[in-house]
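The values are calculated or read from the model by the stated rules, or taken from the named source; none is laboratory data. Remember, it's a predicted structure, so these values are computed and weren't measured experimentally. Cβ placement follows ideal geometry from the backbone for every residue including glycine, while neighbour counts extend to all protein chains displayed.
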Amino acid sequence: MLSLLLQIDWQKWRPENLFGGQVLERTPAGLTIVYIIAIGIIVGLLIVSFLDNFRRPKFPFEIGLPREVTRKLTKTITNRSLRAWQFVFVALALTVFGFQVYWTYFADEQNEQFQALSYKDLRTRRTTAASLRGWMFDRTGKLENALAYYKLDQNKNIVRAYSLETEMAHLLGTERGTPGLERTLFKREADPMPEAWETLTKIRHLEHEQRDVRLTIDHDLQSFLARQLQGKKGAIVVLNPQNGDVLAMYSNPSFSLDEAQDLDDYLKLEGNKRDKPLLNRATREFYVPGSTFKTFTTISAFRSGKQNSIFASYPGGYVPYRGSRPIVDATQKLLPDGSVVGACDGGCQEKNIVEAYKVSSNQYFAQLAIDLGRERLRDTAGVLGIAAVDSPDDALLQRFFPSIWNTSNPSIAAALAPQQSAIVTGKDISLYDLGLEGMGQGYAGQMTPFQMALIASVPGNMEGKLMKPRIEADQPPEPFAQVLSPQQAAALRDIMSTVTEEPGGTGTVISAKLSGTGIRAGGKTGTAEKQALLYDDKTGKLKTIKKKRKNDKGELVEYDAPLMYERTDSWFISIAPLERPTLSIAVVVEGGGFGATTAAPIAANIILKARDLGLLVDQYKPKTVSTQAKTPDKPKKRR
Amino acid sequence: MKNRTSSHFFILAGIVIVTAIAHYSIYYGALIRGYETSTVTAGRNLLLLGLLSVLPIFLKRFAKFKGNWTLYTSAVLLFSIGLTIQYRLFSDPEYTSRKDKAEARQEKIKTLQLHYIQESYSAEKKQMMGLPATPPSPVDLSTESPRPADQTISDVLLSGNTVNPLLGFAGLIVAFLFMRRDDFLDLLQKHGFLIVLLTLVPLIIAAITSRAGKALGNMTPWEPAKIPFLIGFAAILAILYKNLARTYWGLPRAKDVLPLLVMAMLPFVPFFVLKDFGQMMVFSAVYVTLYVIAVRRFSQRFVLIGSVVLLIGVLVVGALPDKTQEEIPLLPMLARPVRTVLPNRIQQRFHLWLDGFNPPTPDTQWWKSDYDDYYKKLIEKDPGLPQMLEENPELQKTINVDAWFDILAFQPAQATFGIASGGTTGRGLGLGYPELIPVADSDYIFAALAEELGLFGGLLLTLALIVFVSAGVRTALDSRDMFSKLCSIGLAAFIGFQALVNIGGITRALPMTGITLPFVSHGGFSLITSFVMLGMLMAFSHRNAVDRENSEIENLP
């Protein structure tokens, strides 16, 4: 007997080995099930033992009596009441148990208040706190380029860390305010709190569930963008027009996520009305696009077959209808008395669209827009994701446009959703206003840098498609709309190349910077005036002026009117390299002056940096030994 | 299965083994979360149960126990479930520690995170984090160093958790030995009214010294008052029930009714002062039980039952949520006078019961002061709040909801979420989060049970309770005189109703009243009283069996 007991391998019978395997929770879950079954058996035995006693033990004198008499022997009123009481008690006990059944099975689906307040359940907070989010990698997927990861702090606690904390702050989002990738990328679908039997029957092996996400962002390019905008206010968006990859997107001034954790610091960030560091200028701030918007008008012309239109420029400006103010070129100036001084942009002769685009002729594009008409502009706006609204008031309404994104779950799209850019194409606005829109002024002044990068990506796409932007690298590319035919896109690329390459083009600074690399880039400059609030440089407070106005009773009241000034924003949109563009860039610098002086050089720098990083087509890979030594094997692994 | 001591001994031994399994499960579950449970406490629990499983042998051998063992075994089963759940809760450092709760919680979370990293992070990732670079592999608990349990043997042995059950066992034996004696029972029966007066002593002391239903810390000194109340009332009824049947012009004599009225008032007055609504409900339910069973005239029964139903109706009408009241015509008019009389505490409880997920408006009179306190604390933290409230009046609603779920509704809401999360088989012992519910070891122990053992756990507990009460009813049925009949059913009713009021309060079938679950909850006087009552019931069962044997002997030809 003893030897038999010794032979048994007790180690095998330990509960961990019976249930556990690799999953720790299986051991207690299995033991619990055993416990429940065993208690069930014991209760069963008790019921059996009780049922046996349920029949009244017979008294010896009953033996000879007939059955009717024995049955009546103990049936007193009292005993009948006892039986009734017992019945009531069992019913009550089962009713109370029924309430437990209700909370377990039905409250989740039927009790609305219960559902609405389930966020008060501390258990969900506990399981979210214990489960780690995935890591975020940049497009290379390399560990050293992890954008978001975990590390141990001084107290050996596990904390979330970011390699580009300020550079990517807007994309990652804060825990408190606007959600970003951090709060939306790692939605978990599986119930993190299984029941004991589910643990036992369904979770058999350790699942190396892959929570990590590879983003389309390039680590180095993103930090390069941040350096480019240092000390300036503005935004840069870099997309890949072929598949919609967001390679980099940055808005300055930014903030650090560490700051946003602390409530006081967060409130300070929120209260900074002058710099608005929490605002993602790339997707949520409207700018007047200026001449860059002529690309939109050009696309519309191609879509309508009007790309061969020829319009003249006039020394006195173009007058859309009798009595209207004239529309003048950037080189001209409209004096208060209505006269115009200065020469036409590129001469006052008739121009075709190529010439007009190259010199950025306002008069040409105003005439083109009026010629295209409201319907065609609205149609083009639709395929580019721009809202075409009927009245100027509608344009001021805030609307977000999550459906432009190509994401794996809608909450990511919602978190990154741009403010939808808008133009006015209704009957309310005059032809003069329509003309202004065609050249990127007036009611076209509701464009986000993100939208402009999307517009630039249409000619950049080899098939003339607008690709939905995507941030997750493993998301298959998806087109938003077929905007142009491949030939039209190629033609438009040629037009865009004239701006940078031909003498007289507004963006020749680009080709000067790119000379020697062999890269050809197309683009369009833009310069736009916007009324902006004036802040005191030292105190950071709004500058005001005392003004008087009449109040309701007709009395003159003094009030503080904010001081405004005319801010000249510098724009540049670009695609590169021209044979097969992999970059579509939109740069805006607030108060940066001419597009050619501030924004265009930044775009050129980005193209050069992208070449170093191997983001262009293979033939532009840097060939010098020194750069290769600096960035070993990086280009190889790029796709 | 016959009523053999040996078969019940085997069931009891089974209970010990099963409880050991449950304790191991809790121990292992704790290791997963990075702390160790006290093996001393586990051993203590098993020893207590071991003691209870050998007790029948001694009762059989030395006290010649002949009664129904089912009573005893089902009570021990309830007690073992209670010990298990208490072990789960009291070994959790987050539940027990008062000062460093947050630290204990953080430590648990960190352990889970480290396990996840160990299981699913690649060696490179671990290295980057500054952890030993090992490939993803299953966690080996034997290599970890969990937070040790800091209970020494003397701590465990001297704690109330050890002493109270032992006192309870002693009480059980003493009660059994006394109550089985004819002379002692005769004595009790004769001095019924005097014994009732005894009841008042602890009640009055408590009413003077305590506040909010708890006196002397967490002790409830009127728990033992149940026994004299019951014996006294049974004695009085045993004499009166025949007189009551004698009516003049359809009415019983005043001198027969008066003692009953006094008895009826007894539970109400002191508990109204104490605002202990739960005990009032249990005492009244037992009163109704005894009355209905003893009194034979239908009209007389009807008077009592009718008035009880009316009283409950009026209370509920008074406490119905405002929304429901407005829907039914005339209801607000009826409810207003009730509301002015009802104590605030009871109004709170009723609101929690009927409309618990819907916070009352901040100007409700019983909620206003709590809300204002909460609001004041918020302003201290954020002085800009009043201005924000002015700009955005919707904010007040949010603050009100937060205040409601942080103060009054916190415990019941967490309990309800716990029950809902338990599902059919529960999360598993040591795998749920019952430590989030405050005082889950006593009043809310059913919520902890439902979370970790699920519907099955709740069902088995209910069944064990039904078996116990039914065995009590069996005892009453077999009793051959009115006094022991009433005593037996009263004892069963006390334990049964107290359990129903407790479970019903947690599952929101009844208002939550803060009384314990007999045999299961952690408690002092309440546990001892329960065991004494068990001893008394066993004594009555024993007497029935002896009576039967005697009649056999007498009738032998």
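Only strands (runs of 3 or more DSSP E) whose full extent lies in segment A:425-539 are considered here, and the ones with at least 1 residues that are under 23 Å from the mean Cα position of the chain (by Cα) and either crowded, with 22+ Cβ neighbours inside 10 Å or small (Gly, Ala, Ser) (or both) are A:465-467, A:479-482. Restricting B:Ile32, B:Ile57 to residues that are of a type in the set (Val, Ile, Thr) and within 14 Å of another protein chain (Cβ to nearest Cβ) narrows the list to B:Ile32.
A residue that is part of a helix (DSSP H, G or I) and out of contact with any His (no Cβ under 9 Å at 6 or more places or on another chain) can be found somewhere in segment A:303-319. For segment A:115-164, filtered to residues that are in contact (Cβ under 8 Å) with a residue 60 or more places away in the chain and among the basic types (Lys, Arg), the residue that is farthest from the other protein chains (Cβ to nearest Cβ) is A:Arg139.
Right, B:Thr416: out of contact with any Lys or Arg (no Cβ under 9 Å at 6 or more places or on another chain) and either within 7 Å of chain A (Cβ to nearest Cβ) or not in a helix (DSSP H, G or I) (or both) or not? It would help to see each step written out before you state the result.
On the way: out of contact with any Lys or Arg (no Cβ under 9 Å at 6 or more places or on another chain): no; either within 7 Å of chain A (Cβ to nearest Cβ) or not in a helix (DSSP H, G or I) (or both): yes.
When the stated conditions are applied, B:Thr416 does not pass them.
Counting only residues that are among the hydrophobic types (A, V, I, L, M, F, W, C) and either within 36 Å of the chain's Cα centre (by Cα) or over 13 Å from A:Ala330 (Cβ atoms) (or both), segment A:342-355 holds 3 of them. Report yes if A:Pro392 is in contact (Cβ under 8 Å) with a residue 40 or more places away in the chain, out of contact with any Cys (no Cβ under 6 Å at 6 or more places or on another chain) and buried (at least 21 other Cβ atoms within 10 Å of the Cβ), otherwise no. So A:Pro392 does not fit the description; no.
Yes or no, residue by residue, for (1) crowded, with 24+ Cβ neighbours inside 10 Å; (2) within 16 Å of the chain's Cα centre (by Cα); (3) among the charged types (D, E, K, R); (4) part of a loop (DSSP other than H, G, I, E, B):
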| position | (1), (2), (3), (4) |
| --- | --- |
| B:Val401 | no, no, no, no |
| B:Gly432 | yes, no, no, yes |
| B:Gly457 | yes, yes, no, no |
| B:Gly472 | yes, no, no, no |
| B:Lys485 | yes, no, yes, no |
| B:Ile489 | yes, no, no, no |
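A Cβ distance below 7 Å, combined with a sequence gap of six or more or placement on separate chains, defines the contacts here; from segment A:420-444, residues that are free of Cβ contacts under 8 Å to residues at least 60 places away in the same chain and within 21 Å of A:Trp571 (Cβ to Cβ) reach residues that are acidic (Asp, Glu) and surrounded by fewer than 23 Cβ atoms within 10 Å (Cβ to Cβ) in the pairs A:Gly442/A:Asp433; A:Tyr443/A:Asp433.
Is it the case that some residue within segment B:339-362 is closer than 23 Å to B:Phe268 by Cβ, surrounded by fewer than 19 Cβ atoms within 10 Å (Cβ to Cβ) and of a type in the set (Val, Ile, Thr)? Looking for residues that are closer than 23 Å to B:Phe268 by Cβ, surrounded by fewer than 19 Cβ atoms within 10 Å (Cβ to Cβ) and of a type in the set (Val, Ile, Thr), one finds at least one in segment B:339-362, hence yes. Quick check on A:Val96: is it under 30 Å from B:Pro359 (Cα atoms), over 28 Å from the mean Cα position of the chain (by Cα), facing another protein chain (nearest Cβ under 9 Å) and part of a helix (DSSP H, G or I)? Yes, satisfied. Taking the conditions (1) more than 21 Å from A:Phe89 (Cβ to Cβ); (2) within 12 Å of chain A (Cβ to nearest Cβ); (3) modelled with pLDDT under 90; (4) crowded, with 23+ Cβ neighbours inside 10 Å in turn, B:His522 satisfies each one other than (2). Across segment A:99-114, the qualifying residues are those that are at the interface with another protein chain (Cβ under 7 Å from one of its Cβ atoms) and either surrounded by fewer than 13 Cβ atoms within 10 Å (Cβ to Cβ) or of a type in the set (S, T, N, Q) (or both), and the one among them that is nearest to B:Ala493 (Cα to Cα) is A:Gln100.
Quick one: is B:Thr70 assigned to a helix (DSSP H, G or I), within 13 Å of another protein chain (Cβ to nearest Cβ) and on the phi < 0 side of the Ramachandran plot? So B:Thr70 fits the description; yes.
Filter segment B:115-125 for residues that are at the interface with another protein chain (Cβ under 8 Å from one of its Cβ atoms) and without any contact (Cβ under 8 Å) to a residue 60 or more places away in the chain and give the result. Steps first, answer last, please.
Our first condition is that a residue be at the interface with another protein chain (Cβ under 8 Å from one of its Cβ atoms); within segment B:115-125, this holds for B:115-117, B:119-120, B:124-125.
Scanning segment B:115-125 gives B:Tyr116, B:Ile117, B:Glu119, B:Ser120, B:Glu124, B:Lys125.
Based on what the data block shows, is A:Ala600 in contact with a helix residue (DSSP H, G or I) (Cβ under 8 Å, 6 or more places away or on another chain) and either modelled with pLDDT of 75 or more or outside any strand (DSSP E or B) (or both)? Yes.
Note on segment B:91-114: residues that are polar (S, T, N, Q), free of Cβ contacts under 8 Å to residues at least 40 places away in the same chain and in a helix (DSSP H, G or I) total 3.
From the list B:Val469, B:Val501, the lone residue that is within 7 Å of chain A (Cβ to nearest Cβ), at pLDDT 90 or above and more than 22 Å from B:Lys242 (Cα to Cα) is B:Val469. Scoring A:Tyr559 on the criteria (1) out of contact with any helix residue (DSSP H, G or I) (no Cβ under 9 Å at 6 or more places or on another chain); (2) assigned to a strand (DSSP E or B); (3) touching a residue at least 24 places away in the same chain (Cβ under 8 Å); (4) not hydrophobic (A, V, I, L, M, F, W, C) leaves a single failure, condition (3).
Quick check on B:Lys397: is it basic (Lys, Arg), more than 7 Å from chain A (Cβ to nearest Cβ) and either within 22 Å of the chain's Cα centre (by Cα) or part of a helix (DSSP H, G or I) (or both)? Here the answer is yes, as B:Lys397 does meet what is asked. Scanning segment B:280-313 for residues that are outside any helix (DSSP H, G or I) and surrounded by 18 or more Cβ atoms within 10 Å (Cβ to Cβ) returns a single hit, B:Val295. Right, A:Trp85: within 16 Å of B:Arg508 (Cβ to Cβ), in a helix (DSSP H, G or I) and facing chain B (nearest Cβ under 7 Å) or not? Criteria not met by A:Trp85.
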